[in-house]
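The values are calculated or read from the model by the stated rules, or taken from the named source; none is laboratory data. Small disclaimer: the values here were computed from a predicted structure and weren't measured. We place every Cβ from the backbone using ideal geometry, glycine too, and count neighbours over all the protein chains shown.
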Amino acid sequence: MREAVAERTGPIRDVRPADSGNHADIASTVTGERATVFVKAARKLPDRDGPEVMSLRWEARVNAFVGELAPRLLWSAEAEGWLVLAFEHVPGRHPDYSPGSPDLDPVARTVGRLQAIRLPDVVDRPVTTRWAGIGDVSPMAGTALLHTDINPGNVIIAADGSVSLVDWAFVSHGAPWVELGQMIPWLLAAGHTPGSAEAWLARFAAWRAADPEAIDHYARLHTAVWTLRSERVAAAWIKPYLADVRRWAAYRGALE
Ligand SMILES: Nc1ncnc2c1ncn2[C@@H]1O[C@H](COP(=O)(O)OP(=O)(O)OP(=O)(O)O)[C@@H](O)[C@H]1O
Ligand SMILES: [Mg+2]
C-alpha cells in the first residue's frame, strides 16, 4: 500500500495519523516528495469488503457531488487487499460549538449549503434504517442529502476561514431536519442547553418547517437506539452522547 501511495506522491517522507477518527484503519496526512495528501485506507476481508471498506466506498461515491464542501478525492487505489483513498489535504482546526462561539455562523452557512445540494442518485441509502425495528421510521424518511455526522471532529476550518466537511462515511437520504437533529448532542456536549441548541437550529428553514411531533418521535427513537447500543458497545464516547440525547428528548417531553 505504501508503494501504491508513493507512486502518486513520490517517496514518502512523513506519515502523521489524524488526531481523531477510528473508522478507517488508516487516516493520516502523508507527505511525499511531490505531494501531501490525506489518506484514508481500510483492509478488505478475505472474501468481501467489510464495514470499513464499505464506508470508504460511500465517501468515494459522494465526493464528486459535494465538491465545494468537502476535500476533493484525488485518487483511489486497491493494493494487497487494501482500499486507499487520497483526499486533498486541508490543514485547519475543528470548530468550537459552544454557545456564542464565532465558529457557529460559518458552520451554519456550510450546513445551509449542504442542505441546498440535490440528492445524487448514488446516495440510495435511507437514513431510516438506523431506527428500524424500534418504531415507525416514516417521519425521518425523505430525499434530502444528509451527512448525518456533523460533529466538530468532522469539520475543518482552514486558516482562510473556509469550512470543510469530512468523513462522509454515513451519507444517506432522509428528511432534511434529521441532519440538524443529529447535531444536537454535539451542541449540548459543547455547553448548549437543549433550548439554546434548538434556538440555534431555528435559523434553518428545514428545522422551522419540520413537524414538531416528528421531531419528538425522532428524539424518542434516537434515545432508544442509543440506549440499546450503549448496552452492547463500550466506546467511551457513547455514554456522554446518550446522556445528551436523553437530556434533549426529555426537554421536548418526548420520553414516556
Ligand atoms: N482531507 C483532510 N485533510 C486534513 N485533515 C483531514 C482530512 N480529512 C480528515 N481529516 C482529519 O482526520 C480526522 C479523521 O478523519 P475522518 O473523520 O474522516 O476519519 P474516520 O476514521 O472515518 O473517523 P471517525 O472515527 O470519526 O469516523 C478528522 O477528524 C480530521 O481532523
Ligand atoms: Mg470522523
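Checked against the criterion of being surrounded by fewer than 19 Cβ atoms within 10 Å (Cβ to Cβ), within 16 Å of ligand 2 (Cβ to nearest atom) and either among the acidic types (Asp, Glu) or closer than 27 Å to residue 184 by Cα (or both), the candidates 92, 100, 67 yield just one match: 92. Of all residue pairs spaced 6 or more apart or on separate chains, none has beta-carbon atoms under 9 Å together with a first member in the stretch 197-213 that is touching a residue at least 60 places away in the same chain (Cβ under 8 Å) and closer than 15 Å to residue 178 by Cβ and a second member that is among the hydroxyl-bearing types (Ser, Thr, Tyr) and surrounded by 15 or more Cβ atoms within 10 Å (Cβ to Cβ). Scanning the stretch 3-35 for residues that are within 14 Å of ligand 2 (Cβ to nearest atom) and over 13 Å from residue 85 (Cα atoms) returns 17, 18, 19, 20, 21, 22, 23. The residues on offer are 186, 131, and the sole one that is within 16 Å of ligand 2 (Cβ to nearest atom), of a type in the set (Phe, Trp, Tyr) and at pLDDT 95 or above is 186. Do we find a residue being more than 13 Å from ligand 1 (Cβ to nearest atom), modelled with pLDDT of 95 or more, among the small types (Gly, Ala, Ser) and surrounded by 12 or more Cβ atoms within 10 Å (Cβ to Cβ) anywhere in the stretch 39-62? Looking through the stretch 39-62, none of the residues is more than 13 Å from ligand 1 (Cβ to nearest atom), modelled with pLDDT of 95 or more, among the small types (Gly, Ala, Ser) and surrounded by 12 or more Cβ atoms within 10 Å (Cβ to Cβ). Scanning the stretch 74-88 for residues that are within 24 Å of residue 163 (Cα to Cα) and either in contact with a Phe, Trp or Tyr (Cβ under 6 Å, 6 or more places away or on another chain) or at pLDDT below 95 (or both) gives 86, 87.
Evaluated against (1) more than 30 Å from residue 140 (Cα to Cα); (2) touching a Lys or Arg at 6+ places or on another chain (Cβ under 8 Å), residue 76 falls short on exactly one condition, (2). Taking into account only those residues within the stretch 1-27 that are within 8 Å of ligand 1 (Cβ to nearest atom) and out of contact with any Leu (no Cβ under 7 Å at 6 or more places or on another chain), which is farthest from residue 237 (Cα to Cα)? If we take residues in the stretch 1-27 being within 8 Å of ligand 1 (Cβ to nearest atom) and out of contact with any Leu (no Cβ under 7 Å at 6 or more places or on another chain), then 27 is farthest from residue 237 (Cα to Cα).
Being more than 18 Å from the chain's Cα centre (by Cα) and in a helix (DSSP H, G or I) is the requirement here; does residue 254 meet it?
For residue 254, the condition - more than 18 Å from the chain's Cα centre (by Cα) and in a helix (DSSP H, G or I) - is not met.
Consider the stretch 123-135 and keep the residues that are surrounded by 14 or more Cβ atoms within 10 Å (Cβ to Cβ) and under 16 Å from residue 62 (Cβ atoms). The one that is nearest to the chain's Cα centre (by Cα) is 127.
Mind checking which residues of the stretch 4-26 are at pLDDT below 95 and either touching a Pro at 6+ places or on another chain (Cβ under 9 Å) or among the polar types (S, T, N, Q) (or both)? Matches in the stretch 4-26: 20, 22, 23, 26. When you look at residue 84, is it within 21 Å of residue 20 (Cβ to Cβ), in contact with a Ser or Thr (Cβ under 8 Å, 6 or more places away or on another chain) and within 16 Å of ligand 1 (Cβ to nearest atom), yes or no? In short, yes.
Number of residues in the stretch 27-48 that are in contact with a strand residue (DSSP E or B) (Cβ under 9 Å, 6 or more places away or on another chain) and in contact (Cβ under 8 Å) with a residue 24 or more places away in the chain equals 14.
Which of the residues that make up the stretch 81-103 are touching a residue at least 40 places away in the same chain (Cβ under 8 Å), out of contact with any Leu (no Cβ under 9 Å at 6 or more places or on another chain) and not β-branched (Val, Ile, Thr)? Give the derivation first.
At the first step, the residues of the stretch 81-103 found to be touching a residue at least 40 places away in the same chain (Cβ under 8 Å) are 82-99, 101, 103.
Going one step further and asking which of them are out of contact with any Leu (no Cβ under 9 Å at 6 or more places or on another chain), we end up with 82, 89-94, 101, 103.
Correct list: 82, 89, 91, 92, 93, 94, 101, 103.
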